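One structure is given here, and the rest of the page talks about it.
Please treat every number below as a calculation from the coordinates, not as lab data. If you're wondering where the values come from, they're calculated on a predicted model, not measured in any experiment. Quick reminder, even Gly has a Cβ in these numbers, built from the backbone with ideal geometry, and neighbours come from all protein chains shown.
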Amino acid sequence: MKITTFEIRLHNPQPVYYAGQTVAGQVYLELAAELDFRAITLALHGDANVAWTEHHGSGKSRRTVHYRNNETYLNIKLYLIGDGKEKSKLPAGGHNFPFSITLPMNLPSTFIGDHGRVLYLFKCNIDRPWKRDNNLHLYITVVSLLDLNQDPNAASPMTNSGSKKFGCLCCTTGPLSATLSLPKLGYVCGETIFFSASIENLSNKVMTKSTIKLIERDIFISARGKQRHSNRIILTHQEETIAPGASFTWSNVGLLIPPLPPSQLIYCNIIDIIYTVELSVDPSGIGFDLDVPVNITIGTIPLRQQYQHINYQYQPDANAPPPAIGAPPPDMSAPPPPSYGEVAHGGAAMEGTEGEGNEVQGGGTYAPSYPTYAFNKS
C-alpha cells in the first residue's frame, strides 16, 4: 500500500469551535512509495437536514408521506496541492499540508435529534488518475454564540402556579395546587438551576410522586411548514408520596446543566430548541398529572451580573482554543470543552427514504454518516 498514514490533524486537540473562530491544522500524508495525483483538496461542509415519515389513511387509501427540508451554511473547498487537471507526483515519505479556515459568526450549533441534525464535516480527497480516490472524513463541533445579556428576560425571576380538582361534577375533591419558582430564566451549561417549589394536596388522593424535570423540546420544520415535535428529558429530581391533606416544599434544590446546544438553535430555520423546567405531580389512581412549566434559555455567554469582578466584551480569539461550552469568558478557569457526542446528543436515526408509491414533500436531501475517521488505503 502506497499510503500508510492519511490524517486530518487539528491544532485544537478537541474538535470544538465557537462560531467566528479559526479552524487550523494540517493534512498529514505518509507514503511508502511515490504517488501519482492530480490534487489533494480539503472541503468543509455544514448543513442542516430534517426528515420524517407519516402514514395517513387506512386500507387501500393508506399512503406514506416523507417530510424533508435542508439548509446549507458552509461549503468551502481548498486545493492543498495540485489543480485537479495536471498529473503530479509526491515522493515517498511524510508530507504536511497546512490549512486555516475562519468560521462565519452566523452558524447554528452542531445538533443531532430524532428527526433532524446540524453537522459540520471535513472531507479530504486525493484525486488519483486512473485509480479510486482516497477520502477522509472528520466531523467538528460548532457552538453558536448566544449572549444571555442580550435577552431582557434572562435575569428576571419567574413563578408559575397550577391547580386541579379530581372527581365528577357532583363530588369533586379539594384542589391539588403547585407552584414553581426560578430566580432567573437565563443559564449556561455547567451552571446549576436552583429552584423552589411547593405542593399542597387538599384532595382525597395520594400523590404517588412529584418530579422536577429539565426537558428539551425539539421542533423540526419541513419544506412546506409541517412540524414534528420531539421531547427529551435531560434531568429529573423526584420526591416520594404526598398524603391527602399534606403539603411538600422544595427549597434551593439544584439541577446541574450538562453540555447542551443553545436554546433556539439560532441561525437554523428548520430546527428549534426550547428548554423547560417542569414540576409534575402524579396522582394515584385515575387522573392526569398536574404539570407546572417554566421555559428557560440556555446560552453560551453568561449573565455579567454573575461575574461582576470581570469587565469584558466577548470577542473570540481566532488563534486560541475555544473555551468550554457554556463557560465564562476565556480569562476564567473552566473545564475542558465537551466531546462531539456530549454537544450533539445521540438521536435516533432519521426516518424517510423515498420509495415507489410514496409522496415526498419538500426538496431536502439527507445522507450524512456518523463521525468516522477511517480512510480507504491503496
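Taking R0 as 30 Å, what FRET efficiency do you get between residue 72 and residue 132 from their Cβ-Cβ distance, rounded to the nearest 0.05?
Details: r = 27 Å, r/R0 = 0.90.
Efficiency at R0 = 30 Å is approximately 0.65.
Just to be sure I understand the model, the point goes 7 Å from the Cα along the line to the Cβ. What's the resulting residue 276 to residue 235 distance in nm?
1.8
Where q = 0.12 Å⁻¹, what log10 of I(q)/I(0) comes from the Debye formula for segment 1-123, counting one point per Cα?
Computed log10 I(q)/I(0) values: -0.63.
Rounded to the nearest 5, what is the percent of antiparallel bridges among the DSSP beta bridges in segment 148-307? It would help to have the intermediate numbers written out before the result.
Working: 54 of 57 bridges.
Here the share of antiparallel DSSP bridges comes out near 95 percent.
Per residue and in Å³, how big is the convex hull formed by the alpha-carbon atoms of segment 232-294? Spell out each step's value before the answer.
Numbers: hull volume 8.1 nm³, N = 63.
Spelled out: Cα convex hull of segment 232-294, divided by residues, is 128 Å³.
Distances over 16 Å make up what percent of all Cα-Cα pairs in segment 1-46?
Values: 547 of 1035 pairs.
I get 53 percent for the Cα pairs in segment 1-46 exceeding 16 Å.
Suppose the chain between residue 211 and residue 223 were pulled fully straight at 0.36 nm per residue; how much longer would it get relative to their current alpha carbon spacing?
Numbers: separation 12, 0.36 × 12 = 4.32 nm, distance 3.71 nm.
Taking residue 211 through residue 223 to full extension adds about 0.6 nm, to one decimal.
Kirkwood Rh over alpha-carbon pairs of segment 81-217, then Stokes-Einstein at 4 °C and 1.567 mPa s: what D in µm² s⁻¹, rounded to an integer? Provide the component values of the computation, followed by the final result.
Working: Rh = 22.1 Å.
D = 59 µm²/s.
Sorted by average packing, counted as other Cβ atoms within 10 angstrom per residue and highest first, what order do 189-202, 239-252, 133-146 take?
Working: 189-202: 18.9, 239-252: 13.4, 133-146: 21.0.
The most tightly packed comes first, giving 133-146, 189-202, 239-252.
In whole angstrom, how long is each semi-axis of the equivalent ellipsoid of segment 29-74, when you take the square root of 5 times every eigenvalue of its Cα gyration tensor and sort them from largest down?
47, 16, 8
For segment 82-136, what size does the Cα cloud have along each of its three principal axes, sorted from largest down, in whole Å?
Sorted largest first, the three principal extents are 44, 25, 23 Å.
Over 19 Å between Cα atoms, which of 164/209; 85/131; 2/77; 165/213 qualify? List each step's numbers first, then the result.
Details: 164/209 16 Å; 85/131 15 Å; 2/77 25 Å; 165/213 23 Å.
With Cα atoms farther than 19 Å apart: 2/77; 165/213.
Just to be sure I follow: if Rg is taken over the C-alpha atoms of segment 148-307 and Rh is the Kirkwood radius over the same atoms, what is Rg/Rh? Don't skip to the answer; put the middle values down first.
On the way: Rg = 17.7 Å, Rh = 17.1 Å.
Taking Rg over the Kirkwood Rh, I get 1.04.
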